[in-house]
Amino acid sequence: MPRADAARNRSLVIDAASAEMAEHGLEVSMARIAARAGVAKGTVFNHFPSKDELVAAIFCEQLDALAATGETLLEQADPRTALLRFITEGAELHAGDRSFCEAATAISRAHPAIRAASERLAQAAEALAARAREAGALRADVTGHDIVLLLNAPTRIAGPVATARPELWRRYLHLVLDGLRPEAAHDLTVAAPSHQDFMTAAEEPGSGVPCPPGELPALPTSAR
């Protein structure tokens, strides 16, 4: 197959899989992905020998896109607005894309591409947090790693009633944002997670951010 056709088919598969998994989660079949992409099932396997590899590729793209958003927001004049926009973008991704939350929990961060994308995201979050701290717009004890973990907090908290109240996570997003203000902040008795904490956790499967209760299926290890 000519290189241009192969690249086009890979892009079609990625786009179709991203859309299907965002709507239905990781349990979606490879056959359904192939049908949405308009390619043969064998074409999907030519590019991604297993669903694990396909999920990893999509998760890397999601992490890179969020990191790129953070890097772009560093150009905004107001550090607090930039940080809040970043947190909001991350929370919206968790709330609107089932695959992102599920993949974050189901696959190991030890995968080289995922580790690189995760570190890029952490660096963007720390850069945004540092600007906000220096401007007095963020409490002094909040780190970029704190921000990364907080991206999932609104959907995690609202998870038990998400079916009945799908937009409830936005309430908790605003509570999280208010909690980051330096005014009247109380001392935290537990230290922020370190880079080494993340590296140690990355060695274990299922080391990502947990999903709301009842939303996490086992990651399929074989094609359907």
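Of note:
- Between the labelled values (i) 60, 39, 31; (ii) 48, 35, 33; (iii) 106, 46, 22, the entry that holds Cα extents along the principal axes in Å as derived from this structure is (i).
- Ellipticity at 222 nm from helices only: DSSP H runs of n ≥ 4 in the chain, each -39500 (n - 2.57), divided by the residue count, give -20000 deg cm²/dmol.
- The chain, dipole about Cα centre (Lys/Arg Cβ +1, Asp/Glu Cβ -1), debye to the nearest 20: 560 debye
- Residues in segment 76-205 average 51 Å² of solvent-accessible surface per residue, probe 1.4 Å, ligands and nucleic acids excluded.
- Longest to shortest principal axis, alpha-carbon extents of segment 37-79, angstrom: 49, 20, 9
- Accessible-area value, R85, 1.4 Å probe, nucleic acids and ligands omitted, Å²: 90 Å²
- Share of carbon and sulfur in the accessible heavy-atom surface of the chain [1.4 Å probe, %]: 54 percent
- Stretched out straight at 0.36 nm per residue, the stretch from A164 to E183 would grow longer than its current Cα-Cα span by 3.4 nm.
- Spin-label model distance (nm) - D141 vs D64, 7 Å beyond Cα toward Cβ: 3.8 nm
- Of H195, H145, H174, H186, the order by accessible heavy-atom surface (1.4 Å probe, DNA, RNA and ligands excluded), from most exposed downward, is H186, H174, H195, H145.
- Whether segment 101-197 is rounded, prolate or oblate, judged on the alpha carbon gyration tensor where a/c under 1.5 counts as rounded: oblate
The values are calculated or read from the model by the stated rules, or taken from the named source; none is laboratory data. All values derive from a computational prediction rather than experimental measurement. Glycine also receives a Cβ, built like all others from the backbone with ideal geometry; neighbour counts cover every protein chain displayed. Surface accessibility is based on the protein's heavy atoms, side chains included, excluding ligands, DNA and RNA. Shrake-Rupley method; radii C 1.70, N 1.55, O 1.52, S 1.80 Å.
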